[in-house]
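What follows is a set of notes on a single structure, which appears directly below.
Taken together, the values in this text are just the output of simple stated rules run on the coordinates, not laboratory data. Computed from a predicted structure; not experimentally measured. For neighbour counting, all protein chains shown are included, and Cβ atoms are generated from backbone atoms with ideal geometry for every residue, glycine included.
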Amino acid sequence: MFIIPMLVNFVLQFNSELNKKINSNQSFLWQPFFTEKKTWTMKNTHLLKIGIFTLFILALLFSIQSFEKSENVVTDTVYYYNSSDTTEGAFGNVSNWSPSGSSSCQSNGARPCHILVAEGTSLEEYIGGMSNSQVLAINPGERKP
């Protein structure tokens, strides 16, 4: 983005120096090409303005399209069963679960291992009031002994 102002400054200085040489008749080689000095300068200034405006618009469009719309990332919470209680209704008790714990799950066992709860849903809403068999059916492949 900093290159564009430097480029504009260079072009304007070059144009200014060129106009000085044309107006002071310092160079004999330039004179056959610039018989109508004002018309040529006005045309080039207009073209220069159009070119700079075009570069500015292109740079603006490039910078706008490089931004991505941020998407809401949904993060689920994993709750681990941290109790040895296996009585009826114990698996549906929220106090027997915590978001931190060991992930030493097995395929066999009498207790649930972990439950994945979607963001925006509480553990109470997810397993509250479920029986032990219903909680075990949520994640049937992983158990704790």
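Side notes on the structure shown:
- With R₀ set to 22 Å, the beta-carbon distance separating Glu88 from Glu119 gives a calculated FRET efficiency near 0.15.
- Put a dot 7 Å past the Cα of Asn44, heading toward its Cβ, do the same for Ser100, and the two dots end up 7.3 nm apart.
- Extension gain, Ser133-Val8: 0.36 nm per intervening residue step, less the Cα-Cα distance, totals 37.6 nm.
- The simple spin-label model puts a point 7 Å past each Cα toward its Cβ; for Phe62 and Thr75 those points are separated by 3.6 nm.
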